[in-house]
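Have a look at the structure below, then the notes.
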Amino acid sequence: MKDIEEKLQLLLRDEQLKRKLLFTLLIFFAFRVFAFLPVPAIDLNRLKVLFSQNQFLSLLDIFSGGTLINFSVMALGLNPYINASIILQLLTVIFPKLEQLTKEGEYGRYKINQYTRFLTVPLTIVQTIGIYALLRNQKIIGFLNPIEFFSFVLTMVAGTFILVWFGELISEFGLGNGISLLIFAGIVGRIPITIGRTMAVVNSQLIFNIIIFIVLALLVVASIVFINEAVRRIPVYYAKRIKGNRVYQGATNYLPLKLNQAGVIPIIFAVSFVLFPQLIGNYFSYVKNPGIANVARFLVKLFAPSGFFYNFFYFILVIGFTYFYTIIVFNPQKIAEEIQKYGGFIPGIRPGTATRDYLQKILYKITSVGAIFLGMVAILPALISKITGMSNLVIGGTGILIVVSVILETFKMIESQLVMKSYDKFNR
């Protein structure tokens with residue numbers, strides 16, 4: 001704790017870092033202002049009633065930072081952009097040209113970011129049309145003529161891209177990764193409202209449940225920090241090398257394998273899949289054909305966020321996507337080739353194929369632990385709701401994971417900049 005206080009004091013003393021911090025807070029303020037700027041033609045009273053009756057929509061609202069229940073111009077949040085980023089990451093594995101771009105430094109990152117923005121546009125339009133159909137069925141929004149509908153879609157697209165622009169401004173002039181910090185700000189900004197709703201119905205039994213919730217929340221935060229920081233270090237020895245007339249001394253390094261290689265990406269993948277039946281069900285529940293309507297209502301009931309099947313399916317998807325994404329981001333074959341190329345070896349393991357097999361074995365073992373942990377975090381809201389009986393206090397495990405991960409990442413970035421500043425003093 002004392003170490004954190006010292007770092008914060010050093011941060012506030014440094015003029016450059018202080019300016020970055022103030023700029024980040026200014027963008028946060030602008031984001032929260034836009035979060036309460038509603039889109040015209042929406043009946044907000046009916047919308048709030050719908051959210052209070054639908055746990056699925058309430059869960060989405062928490063991740064949007066409250067922009068969805070107010071149906072602000074940023075109601076879609078960063079979801080289309082995040083989905084586009086994930087799709088581009090997957091496509092880099094399939095298309096060699098995109099993979100080559102990722103290796104071309106700043107120009108490659110610029111092009112990938114440009115393609116991500118292009119892909120965000122159709123994804124935003126599709127999501128906007130889906131939300132309009134849902135609100136139209138619930139009579140929350142009236143019939144829009146072509147010009148009004150075009151304006152509605154354009155407003156939603158503009159809101160998403162303003163949010164993306166805010167994120168890029170923070171990344172360039174502020175502290176940390178802008179997109180991650182905006183998601184963090186949205187989740188944190190929604191927590192006081194959720195707690196306030198719970199406190200409005202406080203009784204003796206609920207107070208006991210709140211204490212249980214706080215204890216569980218602290219345990220979850222401690223577990224997330226431990227898993228995020230946990231690393232399996234594999235020693236790699238490098239033999240002496242002779243280059244010309246010089247002899248380069250051998251060295252010992254470590255290959256760090258994180259317990260959670262994939263971060264929150266598997267949960268985001270899984271959410272996209274597990275929420276799809278709910279979206280389809282909500283859309284077709286009000287069609288005139290009774291057969292289709294009954295099937296749609298069955299889907300909505302089957303994939304209710306508090307139901308067993310939803311959480312079981314969600315848990316399995318998270319584990320599957322964790323393995324899938326880890327294989328994408330960490331290639332044992334390439335790592336083994338690089339170690340062999342520079343004359344390195346793992347003690348007791350032959351270079352080449354044996355090294356690859358050894359790394360795969362270790363990777364699968366630690367990924368199993370990380371995947372089960374992510375799966376438990378994903379279904380955490382349902383577990384806490386069952387234990388405490390508090391359906392109002394729905395703070396998603398994904399939300400907690402994002403908040404803790406962003407805080408750790410931002411503090412590491414600040415610490416690295418402070419270290420660089422201390423080295424600059426010695427170079428003067």
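Does Ile129 meet the test of being open to solvent by 60 Å² or more (accessible area, probe 1.4 Å), aliphatic (A, V, I, L, M) and either assigned to a helix (DSSP H, G or I) or within 15 Å of Leu76 (Cα to Cα) (or both)? It is true that Ile129 is open to solvent by 60 Å² or more (accessible area, probe 1.4 Å), aliphatic (A, V, I, L, M) and either assigned to a helix (DSSP H, G or I) or within 15 Å of Leu76 (Cα to Cα) (or both).
Can we say Val215 is under 26 Å from Val404 (Cβ atoms), exposed (fewer than 11 other Cβ atoms within 10 Å of the Cβ) and at pLDDT 70 or above? Can you show your working first?
Numbers: under 26 Å from Val404 (Cβ atoms): yes; exposed (fewer than 11 other Cβ atoms within 10 Å of the Cβ): yes; at pLDDT 70 or above: yes.
Yes; evaluated as a whole, the condition is true for this residue.
Tell me whether segment 71-78 contains one or more residues that are among the small types (Gly, Ala, Ser) and part of a loop (DSSP other than H, G, I, E, B).
The initial filter retains those residues of segment 71-78 that are among the small types (Gly, Ala, Ser), namely 72, 75, 77.
Next, from what is left, pick out any that are part of a loop (DSSP other than H, G, I, E, B): 75, 77.
Looking through segment 71-78, at least one residue is among the small types (Gly, Ala, Ser) and part of a loop (DSSP other than H, G, I, E, B).
The residue list Gly186, Gly159, Gly178 contains one member that is under 20 Å from Ile82 (Cβ atoms), touching a helix residue (DSSP H, G or I) at 6+ places or on another chain (Cβ under 6 Å), surrounded by 16 or more Cβ atoms within 10 Å (Cβ to Cβ) and touching a residue at least 12 places away in the same chain (Cβ under 8 Å), which is Gly178. Listed conditions (1) touching a residue at least 12 places away in the same chain (Cβ under 8 Å); (2) closer than 24 Å to Ala30 by Cα; (3) among the charged types (D, E, K, R) are all met by Glu148, apart from (2). One residue stands out among those in segment 314-352 that are closer than 17 Å to Tyr237 by Cβ and small (Gly, Ala, Ser): the one that is modelled with the lowest pLDDT, which is Gly343. The requirement of being out of contact with any Gly (no Cβ under 9 Å at 6 or more places or on another chain), open to solvent by 30 Å² or more (accessible area, probe 1.4 Å), among the polar types (S, T, N, Q) and not in a helix (DSSP H, G or I) is fulfilled somewhere in segment 132-149, by at least one residue.
Hey, among the residues in segment 340-382 that are in contact (Cβ under 8 Å) with a residue 24 or more places away in the chain and not in a helix (DSSP H, G or I), which one's surrounded by the fewest Cβ atoms within 10 Å (Cβ to Cβ)? My answer is Pro347.
For Phe226, the conditions (1) in a loop (DSSP other than H, G, I, E, B); (2) modelled with pLDDT of 75 or more all hold with the exception of (1).
The values are calculated or read from the model by the stated rules, or taken from the named source; none is laboratory data. Everything numeric here is computed off the predicted structure, so don't read it as measured data. FYI the Cβ positions are ideal-geometry reconstructions off the backbone, even for glycines, and counts take in every protein chain you see. Accessible surface is based on the protein model in full, side chains and every heavy atom, while ligands, DNA and RNA are left aside. Shrake-Rupley method; radii C 1.70, N 1.55, O 1.52, S 1.80 Å.
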